[in-house]
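The values are calculated or read from the model by the stated rules, or taken from the named source; none is laboratory data. Everything numeric here is computed off the predicted structure, so don't read it as measured data. For neighbour counting, all protein chains shown are included, and Cβ atoms are generated from backbone atoms with ideal geometry for every residue, glycine included. Surface accessibility is based on the protein's heavy atoms, side chains included, excluding ligands, DNA and RNA. Shrake-Rupley method; radii C 1.70, N 1.55, O 1.52, S 1.80 Å.
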Amino acid sequence: MLTSPRRTRPAEAPRTATDHRTRVGHARRARTRARIVEAAAHVFAQKGAEGAVIDDFIVSAGVSRGTFYNYFRTISELLEATIAWMADDLTHAGEPQVASIEDVVLRLATAMRLHLRWASLNREWCAFMARIPNAATVGAVAQHHLVRDLIQGRKSAAFDFPSVDAALDLAVGGPALAIQRMAASTSTPQHADDIVRVVLQGLGVKRHKIREVMKTALPALREPTMSRSLFSDEARST
């Protein structure tokens, strides 16, 4: 008896093609958004949030007006996205040194100290990040790392706090307010470390552990890419 050959399901190929088109579309949108934000960083640095108009961003990014409005509705929305992107840029600059630290308390404290030390020593960067009151000066990448460390630290009893959300608000909100203060007045690296101490206390870290991690020498921080291009002497002269 002859048997019919096994048939392949015709739906597999179209679904694969659709998935590929979806991935390509998402990647294209991500690249376009990144191009607009990177161009916006230069416009904001040169003209400020108050002096820039939509056409400045459209020309700098090389996109149409319709494309721009597909991603951002207002200059304030674009500025907030730019600040978050630059915060991620700083996180990436310190990531190689921080990621290799196994002790979760030391890892979190080192990341926060590097972030705030950079702000206290680079007034122009700090002022740029503080342009929008209450904007997140810690980007999505840093928040992802924070949540990871908070969960790990609570499981290991290194931290003691009632909820991850409350701990995250403390770890993000404290440094954000500190950067606002740094932008408005003279501050020192010691103030940055004091903020980290307060956050660690709020997270339930033991006093002897806080003293231990705060005595640890900070690793060198690679110059963040956007800070080098926006706030260097060459960038200011153009």
- Message: For the stretch 50-81, give me the residue count where each residue is under 16 Å from Arg33 (Cβ atoms) and open to solvent by 80 Å² or more (accessible area, probe 1.4 Å).
- Response: 5
- Item | Close pairs from the stretch 74-86: first more than 11 Å from Ala49 (Cβ to Cβ), partner in a helix (DSSP H, G or I), Cβ under 6 Å, at least 6 apart | Ala81/Val37; Trp85/Val37; Met86/Met226
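Being more than 23 Å from Arg197 (Cα to Cα) and either touching a Phe, Trp or Tyr at 6+ places or on another chain (Cβ under 6 Å) or assigned to a helix (DSSP H, G or I) (or both) is the requirement here; does Ser120 meet it?
Considered against the rule, which asks whether it is more than 23 Å from Arg197 (Cα to Cα) and either touching a Phe, Trp or Tyr at 6+ places or on another chain (Cβ under 6 Å) or assigned to a helix (DSSP H, G or I) (or both), Ser120 comes out as no.
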- Item | Hey, Ala45 within 16 Å of Pro224 (Cα to Cα), under 20 Å from the mean Cα position of the chain (by Cα) and of a type outside the set (Val, Ile, Thr) or not | yes
- Note on the structure: If we keep only residues of the stretch 143-155 that are closer than 16 Å to Ile101 by Cβ and without any contact (Cβ under 8 Å) to a residue 40 or more places away in the chain, then the residue nearest to the chain's Cα centre (by Cα) is Leu146
- Among Ala81, Ala34, Ala45, Ala40, the single one that is part of a helix (DSSP H, G or I) and either of a type in the set (D, E, K, R) or at pLDDT below 85 (or both) is Ala45
- Item | Candidates Ala158, Ala111, Ala127, Ala140, filtered to the one that is closer than 21 Å to Glu212 by Cβ, without any contact (Cβ under 8 Å) to a residue 60 or more places away in the chain and open to solvent by 40 Å² or more (accessible area, probe 1.4 Å) | Ala111
